[in-house]
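Worksheet for the structure shown next.
The values are calculated or read from the model by the stated rules, or taken from the named source; none is laboratory data. Being a predicted model, the structure only gives us computed values, none of them experimental. Counting neighbours? That spans all protein chains shown, and the Cβs are built from the backbone with ideal geometry, glycine included. Remember, those area values only see protein heavy atoms, side chains included, never the ligands or the DNA or RNA. Shrake-Rupley method; radii C 1.70, N 1.55, O 1.52, S 1.80 Å.
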Amino acid sequence: MKPPIYEPKGKAKEYGDLALNIYTGCPHRCYYCFAPGVLHKEREAFHSRVEPRPGIVEEVRKQLEKEQITGKLVHLCFTCDPYPTGYDSTATREIIQLLKEHGNHVQILTKGDGSRDFDLLDSEDWYGITISGGGYGCSYMDEHGNHPEPGAILTFERFNALDLAHRRGIKTWISFEPVLNEPGVMFWISQSAASVDKVKIGKLNYHKSEINWKWFGIKAEALCQSLGLDYYIKDSLRAEMERLT
C-alpha cells in the first residue's frame with residue numbers, strides 16, 4: 001500500500017493540505033460520484049463492496065511515526081465517505097484517534113452521521129456535511145427520475161448532526177457541491193447561518209444541468225454576504241460567474 005496520507009492535487013487541493021481515504025467504496029450511490037472512475041472500479045462494485053482498506057489503521061500509524069506528521073489538517077475523505085451509512089465506521093474512529101495523538105486535526109466531510117466521534121474532536125477540528133439541495137420539501141431527482149443520493153442519510157439528519165457539532169464547540173462547514181437543486185441550496189444556505197463556520201459552493205460538473213451557473217453563483221454569494229457567512233466559491237463556479245455573457 002502507498003502511504004495512505006497524501007497531498008491532494010488539482011481541484012481537490014481546494015479542500016486541504018493533506019487527505020486520507022479510509023474505505024474501499026461508498027454505499028451512498030450518488031449518481032454524480034467521481035470516485036469509481038478515479039479508482040478504475042465498476043460503479044456497482046464500488047457501491048456494494050465497502051470495507052476499510054486492508055491494514056489502513058496500522059499503515060496510518062506507521063506513516064505518522066515514520067514521517068513525523070504533526071500540526072496538519074487532514075481531510076477525511078475524497079474517494080469514500082468516512083461514515084458509510086449502514087457500515088461499521090470503527091476504522092474512522094481509530095484513525096481520528098491516531099491523527100489527534102500525533103498533534104494533527106481532522107476535516108471531516110460526510111453524507112452520513114459522524115456524531116459518534118464528536119467526543120474525539122475539539123475546536124480546531126472541522127465537521128462538515130454535503131448538501132446538494134434536498135430536504136424540507138426541496139425535492140430533486142436526476143435526469144432519469146431517480147434520487148441522486150439514495151444511500152445517504154436525509155439532508156435534515158445531516159444538518160442535525162452538524163448543529164450538534166457546532167453546539168459542542170467543533171468547527172463546522174457545509175459543502176454545497178455539487179449543486180443539484182438551486183432553490184434547495186438557497187434554502188439551506190439561509191438555514192445554516194447560526195450553525196456553520198464556513199460554506200463552500202460548487203457547480204455540478206460532468207453532468208447536464210438546467211441551472212444558470214452565472215446567476216446562481218451571483219445570488220448565492222450575495223446571500224452569504226447578507227448573512228455574514230464565511231464562504232468560498234469553488235474555482236469552476238467562480239469562472240462561470242465571471243463570464244461576460
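Equivalent ellipsoid semi-axes for region 185-245, as square roots of 5 times the alpha carbon gyration tensor eigenvalues: give them largest first, rounded to whole Å.
Taking √(5λ) for each eigenvalue gives 21, 12, 10 Å, largest first.
Can you tell me the dipole magnitude for the chain around its Cα centre, using point charges on the Cβ only (Lys, Arg +1; Asp, Glu -1), in Debye to the nearest 20?
So the magnitude is around 400 debye.
How big is the C-alpha Rg of region 1-96 next to the rule-of-thumb value 2.2 N^0.38 Å, as a ratio?
1.07
What FRET efficiency, computed as 1/(1 + (r/R0)^6) with R0 = 45 Å and r the Cβ-Cβ distance, is obtained for residue 227 and residue 68, rounded to the nearest 0.05?
After rounding to 0.05, the efficiency reads 0.65.
Fully extended, how many nm does the chain gain between residue 18 and residue 197 (0.36 nm per residue separation, minus their Cα-Cα distance)?
Difference between extended and current length: 62.4 nm.
Write down the accessible area per residue of the chain in Å², having rolled a 1.4 Å probe over the full set of protein chains.
Dividing the accessible area of the chain by its residue count gives 48 Å².
Angle check, please: helix 213-227 long axis (alpha carbons) against the longest principal axis of the chain (alpha carbons), in degrees 0 to 90, nearest 10.
That works out to roughly 80 degrees.
With every atom except the alpha carbons ignored, what do you get for Rg and Dmax of region 171-213, in angstroms?
11.2, 34
Relative to the longest principal axis of the chain, what angle (0 to 90°, nearest 10) does the C-alpha long axis of helix 90-101 take?
Helix 90-101 and the main axis of the chain meet at about 80 degrees.
Strictly over 18 Å apart at the Cα level, which of 111/208; 203/234; 100/171; 9/111; 66/171 would you flag in this model?
From the list (111/208; 203/234; 100/171; 9/111; 66/171), the Cα-Cα distance tops 18 Å for 111/208; 9/111; 66/171.
Let me check the size of region 1-52 from its C-alpha atoms; what are the radius of gyration and Dmax in Å?
When restricted to the Cα atoms of region 1-52, Rg and Dmax are 11.9, 31 Å.
Once a ≥ b ≥ c are taken as the square roots of the eigenvalues of the Cα gyration tensor of region 31-173, is the result rounded (a/c under 1.5), prolate (a/b larger than b/c) or oblate (a/b not larger than b/c)?
oblate
Amide H neighbours of residue 172 under 5 Å, counting only residues 5+ apart in sequence or on other chains, H built in-plane at 1.01 Å?
Correct list: 127, 197, 198.
So, in nm, how far is label residue 243 from label residue 6 when the simple model puts each one 7 Å beyond its Cα toward the Cβ?
3.2 nm
Over 24 Å apart: what share of the alpha carbon pairs of region 101-233 falls there, rounded to a whole percent?
29 percent
How would you order 206-217, 101-112, 149-160 from highest to lowest mean count of nearby Cβ atoms within 10 Å?
Per-residue Cβ counts within 10 Å, averaged per peptide and sorted highest first, yield 101-112, 149-160, 206-217.
Counting helices only, and only those DSSP H runs with n ≥ 4, report the 222 nm mean residue ellipticity of the chain as the sum of -39,500 (n - 2.57) divided by its residues, in deg cm²/dmol to the nearest 500.
That comes out to -9500 deg cm²/dmol.
Just the number, please: percent antiparallel of the DSSP beta bridges in the chain, rounded to the nearest 5.
Taking every DSSP beta bridge with both residues in the chain, the antiparallel ones total about 10 percent.
What's the angle, to the nearest 10 degrees (0 to 90), between helix 182-192's Cα axis and the longest principal axis of the chain?
That works out to roughly 60 degrees.
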